[in-house]
1. Looking at region B:222-242, is at least one residue within 22 Å of residue B:292 (Cα to Cα) and within 19 Å of the chain's Cα centre (by Cα)?
2. Listed residues B:326, B:254, B:239; which is in a helix (DSSP H, G or I) and within 14 Å of chain A (Cβ to nearest Cβ)?
3. Determine if region B:202-213 includes at least one residue that is within 20 Å of residue B:74 (Cα to Cα) and either within 14 Å of chain A (Cβ to nearest Cβ) or not in a helix (DSSP H, G or I) (or both).
4. Could you say whether any residue in region A:16-39 is within 14 Å of chain B (Cβ to nearest Cβ), within 15 Å of the chain's Cα centre (by Cα), crowded, with 24+ Cβ neighbours inside 10 Å and not in a helix (DSSP H, G or I)?
5. One residue is enough: does region B:46-68 have a residue meeting the conditions more than 14 Å from every other protein chain (Cβ to nearest Cβ) and without any contact (Cβ under 8 Å) to a residue 12 or more places away in the chain?
6. Look through A:146, A:139 and report the one residue that is buried (at least 24 other Cβ atoms within 10 Å of the Cβ) and modelled with pLDDT under 90.
7. Considering only residues that are out of contact with any helix residue (DSSP H, G or I) (no Cβ under 8 Å at 6 or more places or on another chain) and away from every other protein chain (no Cβ under 14 Å), which ones fall in region A:177-232?
8. All but one of (1) in contact (Cβ under 8 Å) with a residue 60 or more places away in the chain; (2) under 15 Å from residue A:107 (Cα atoms) hold for residue A:29, so report the exception by its number.
């Protein structure tokens, strides 16, 4: 095994790239869960975002348009979930699973004509001055705009939840929907908005996979990234800052295992390629063993105004 | 209760028809090819009718196991992984004894398959009862782990030594003692289907006649009441996940030693996920699951036929099946709530 072939600067830079899709999806799901809704369909929305983003970007040769399309597609796909769980009061777990399957089917249907194509290049944005720094410049400040956007989004969500009145209302709806309702807040509307935001974020995350990370469309390409995003929200104890930590940790694991595979490490390939999932399980166990769950109190509970 | 699956299937046909129209296929024709031709078309029915049981067998077997857990509010969605591990363990146990022709080989493989699935399901069960880890995420993550183990063993440990280097195990079709053959020619009835029927009856007895079934339902509907009544939550978790893993593992073995024939990196056709739809479409009731499994098998075969005759993309069927679950959940509002027109209450 030749570990010297792994360049630490490029490693960190590629960790940021590989963490971004999970980070985007996870921060969206965080907002959804903070409003008291458990949407298990992240995987479905992500892969739909991936295919729609890719299709739009290829047709218009504009990655930017692709991302917009992906966000819209993710939000649109989450709409039936929102209506079903909020107005028809269906079981959130089952509906989320349905959303996942619809998304997987839909994506491979849309994606058929786009297989084997190449995504239009997405320019890197070198931040002036900072990107000229030795080592750190290449590592942290010469990425494409979505990487910065994802970090900014985490900060924005954190500030929104912590400092704004709307964020307080969102949290109130997630913690005690009956009290929030009694105070006159529209529980359903707030939750639907949160679900749509989560869908849009998952769509963006998916599009980042198909437009930047890979960059092409293959069937089932998210390969559980949406589920890892869900796990990261639990791992993060529903805190935006920790979501970022979690996402970069998992991005790191998946990049490292690829690098180890390439470097010909003396570890079975099956173990390496399963390692992101195994580590997710391990982390979940550690988090749940500590017992500090901090889950929103109304998470997964249906709301009906008559009670 | 019975009506909403029927409404859901009907709505899926309508919306599915619209989808086919958008894809530029004749909608009525497509619906007919999917739901009617596999059973009654003169040209294809003789081939596709046996396929109905071949496909329904694993779906029903897995869905029965899942439904028991779902009743208790235990969301095992990693049946696909348990199915794969059952196939690997069962096939591995058989191949270890190659080329013995003993009649005990196949029962031993079935047992090993069931135990493999059971062991894989015990991981989320132990983690849930011991550490309170969410079983949804763990069981799903384990599916991806199982998938990479499958790819590894089918091109490594269990690869056919006479396969000229191609990935994939020995073909069980060429080894009578281990082959899960059709029991009655041209019916598609193999041991997996028999097991599925036994599971349907067993699950019915369990859920309606046995104290464990009552405890499971109680845990799902009123967890607090169940604890006061002395039901140990951990036992319910172990039981539900164990049964689901056992049945999924057995289904995997029956598939790999019969219709699939050999262990390859992609022998699993996503039955573990489709079985979730089957379980819900069957209202988590054994008899309902039997019917839903047959229906879902029909959409698989019909989908293949539509691929052949109308050039319909295979993914359309996957979408079709997903939609069915969605419409079912939507139609459920009519069973859970009563519609009242014209009267506006105070919310």
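1. Looking for residues that are within 22 Å of residue B:292 (Cα to Cα) and within 19 Å of the chain's Cα centre (by Cα), one finds at least one in region B:222-242, hence yes.
2. Of the residues listed, the single one that is in a helix (DSSP H, G or I) and within 14 Å of chain A (Cβ to nearest Cβ) is B:326.
3. yes
4. Looking through region A:16-39, at least one residue is within 14 Å of chain B (Cβ to nearest Cβ), within 15 Å of the chain's Cα centre (by Cα), crowded, with 24+ Cβ neighbours inside 10 Å and not in a helix (DSSP H, G or I).
5. Taking every residue of region B:46-68 in turn, at least one turns out to be more than 14 Å from every other protein chain (Cβ to nearest Cβ) and without any contact (Cβ under 8 Å) to a residue 12 or more places away in the chain.
6. Going through A:146, A:139 in turn, the sole match is A:146.
7. Matches in region A:177-232: A:193, A:214, A:215.
8. Result: residue A:29 passes all but (2).
The values are calculated or read from the model by the stated rules, or taken from the named source; none is laboratory data. Just so it is clear, the structure is predicted and the values come from calculations on it, not from any experiment. Every residue, glycine as well, gets a Cβ built from its backbone with ideal geometry; the counts of neighbours run over all protein chains shown.
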